[in-house]
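K.L.:
Quick one: structure below, then a few questions.
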Amino acid sequence: MKKSLFFITLMLCSIFFYAQNYNPQAAVEYADTWWNDKNTGGADHWGEPYYYYGTVVHPDGSTTWFGGDCANFVSQCLIAGGLDLTAGTDGFGKGVDKRYCIPGVDNLIDHLLYKKYSLTDSSFPQDENLLFHTLGDPLFVRTPSNSLKHSLICSYIDDKKQFYACHSSNAHRAPRSYYAGMHYSRYFNLSIPAHCFNCKKDAIL
C-alpha cells in the first residue's frame, strides 16, 4: 500500500513539474514560425535576435559557415516551451551561449541527459508511429560513421506518425524516414522529467 501511494505521489509530482515547466504547444508554435527563418525579432528575455549558426551571407556576397544551426533552433523551441537550458551539460552552464541556447548537438543531448529526461535509443533508420514521442519532443539522429549529426523537434502528428521541424537543411513537418540515411536515433520524451531509462552518454551517439 505504501509503495503504491509513493508511486502515485511520484507520478503526480512529475505531471505537476511538467505542467509548470514545459508547454509543448508553445514549442511547436515557435517551430512552425521559425523553421525556415532566423528569429530577427528579438527573444523575449533580452530583446535582441538569437545567434544564428548557419551560413551567413555578407553584403559583399561572401559567406561564413558557423557550423550548423540545428541544435540552436531546437534550443530556441525548448525555451519557447518554457525550459531553462542554462544548466548546460554539467549544471554550471557548459555549452550554453550568451542567448541561453545550446548550439552543439552533443551538448544539447548531454543537457537533456543531465536533466534526466526519458530517453529511447534506436538503430532503426525509419522509426515512426512511436507513441512515446510526441509534440515538442526533441530527436537527435546521426549517420553510422558518426560523421553527421542532426537535431529535430516533433512539430506535428498525423495518424500517430511523427513529423519534425529543423534548421540546417531547413524542414517543416518532415517524416523520420526523410532522414533514413541517419540510422541512429535518440528520442527524448519531455513529459517524464523525473526518470531516465537508458541515459548512458556512451550509447549510440
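K.L.:
Taking the criterion of being surrounded by 19 or more Cβ atoms within 10 Å (Cβ to Cβ), at pLDDT 95 or above and not in a loop (DSSP other than H, G, I, E, B), would at least one residue in the range 175-183 satisfy it?
P.N.:
no
K.L.:
Look through the range 67-101, keep the residues that are touching a strand residue (DSSP E or B) at 6+ places or on another chain (Cβ under 7 Å) and assigned to a loop (DSSP other than H, G, I, E, B), and return whichever of them is surrounded by the fewest Cβ atoms within 10 Å (Cβ to Cβ).
P.N.:
95
K.L.:
Could you list, in sequence order, the residues of the range 126-152 that are aromatic (Phe, Trp, Tyr) and in a loop (DSSP other than H, G, I, E, B)? Talk me through it step by step, then tell me what you get.
P.N.:
To start, the set of residues in the range 126-152 that are aromatic (Phe, Trp, Tyr) comprises 132, 140.
Within the range 126-152, just 132 meets the criteria.
Here's the yes/no breakdown for (1) acidic (Asp, Glu); (2) out of contact with any Lys or Arg (no Cβ under 9 Å at 6 or more places or on another chain); (3) free of Cβ contacts under 8 Å to residues at least 12 places away in the same chain:
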site: 55; (1), (2), (3): no, yes, yes
site: 58; (1), (2), (3): no, yes, yes
site: 63; (1), (2), (3): no, yes, yes
site: 68; (1), (2), (3): no, no, no
site: 75; (1), (2), (3): no, no, no
site: 82; (1), (2), (3): no, yes, no
site: 88; (1), (2), (3): no, no, no
site: 92; (1), (2), (3): no, yes, yes
site: 101; (1), (2), (3): no, yes, no
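K.L.:
Would you check if there is a residue in the range 105-125 being at pLDDT below 95, buried (at least 17 other Cβ atoms within 10 Å of the Cβ), part of a loop (DSSP other than H, G, I, E, B) and touching a helix residue (DSSP H, G or I) at 6+ places or on another chain (Cβ under 9 Å)?
P.N.:
No; the residues of the range 105-125 include none that is at pLDDT below 95, buried (at least 17 other Cβ atoms within 10 Å of the Cβ), part of a loop (DSSP other than H, G, I, E, B) and touching a helix residue (DSSP H, G or I) at 6+ places or on another chain (Cβ under 9 Å).
K.L.:
Every residue in the range 59-115 that is among the aromatic types (Phe, Trp, Tyr) and under 16 Å from residue 151 (Cβ atoms), please. Talk me through it step by step, then tell me what you get.
P.N.:
Within the range 59-115, the first condition is being among the aromatic types (Phe, Trp, Tyr), and the residues that meet it are 65-66, 73, 92, 100, 114.
Hits for the range 59-115 are 66, 73.
K.L.:
Are there any pairs with C-beta distances below 8 angstrom linking a residue in the range 140-168 that is on the phi > 0 side of the Ramachandran plot and surrounded by fewer than 24 Cβ atoms within 10 Å (Cβ to Cβ) to a residue that is of a type in the set (Asp, Glu) and at pLDDT 95 or above, with the two at least 6 apart or on different chains, and if so which?
P.N.:
Going by the 8 Å Cβ cut-off, the qualifying pairs are 168/69.
K.L.:
Just for the range 117-160: of the residues that are touching a Ser or Thr at 6+ places or on another chain (Cβ under 9 Å) and of a type in the set (D, E, K, R), which one is nearest to residue 34 (Cα to Cα)?
P.N.:
That would be 137.
The values are calculated or read from the model by the stated rules, or taken from the named source; none is laboratory data. This is a predicted model, so every value here is computed, not measured. For neighbour counting, all protein chains shown are included, and Cβ atoms are generated from backbone atoms with ideal geometry for every residue, glycine included.
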